[in-house]
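Derivation of every value follows stated rules applied to the coordinates shown; laboratory data play no part. Predicted model, so just to flag it, every value in this text is computed and none were measured. Neighbour counts are summed over all protein chains in view; Cβ atoms, including those assigned to glycine, are modelled from backbone coordinates with ideal geometry.
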Amino acid sequence: MLVLKKEVIILESKNLIMMNSITSVMRAKEIIAKKGLRSQIVRTPKSLAKNGCGYSLYVPFEISKAQEIIRASGISFTVPTRERERK
């Protein structure tokens with residue numbers, strides 16, 4: 001079951017945008033909402049939350065578009081990579 005649990009985290013992490021502060025997460029959520037994209041502030045999985053604030057933005061659809069919008073607004077972020085997910 002532990003392996004299955006890790007697989008679930010990996011699938012969900014594909015739609016996570018991680019930031020350095022909860023303030024940045026809240027600002028990003030507001031910015032992409034104005035562009036018509038849905039998102040939710042969630043706790044970052046412990047396996048991924050090494051350097052961030054512990055919160056991420058979960059974007060169920062159009063993750064690439066959300067990343068473009070956030071990048072254009074000047075908010076820095078990271079996305080989970082395969083290497084991070086395996087740790």
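Ordered by the count of other Cβ atoms within 10 Å of each Cβ, fewest first, 57, 48 give 48, 57. The Cβ shell under 10 Å around residue 62 holds other residues with a net charge of +2, Lys and Arg each +1, Asp and Glu each -1.
Other residues with beta-carbon under 11 Å from the beta-carbon of residue 19 carry, at +1 per Lys or Arg and -1 per Asp or Glu, a net charge of +2.
Put in line by how crowded their Cβ is, counting other Cβ atoms within 10 Å and starting with the fewest, 38, 27 read 38, 27.
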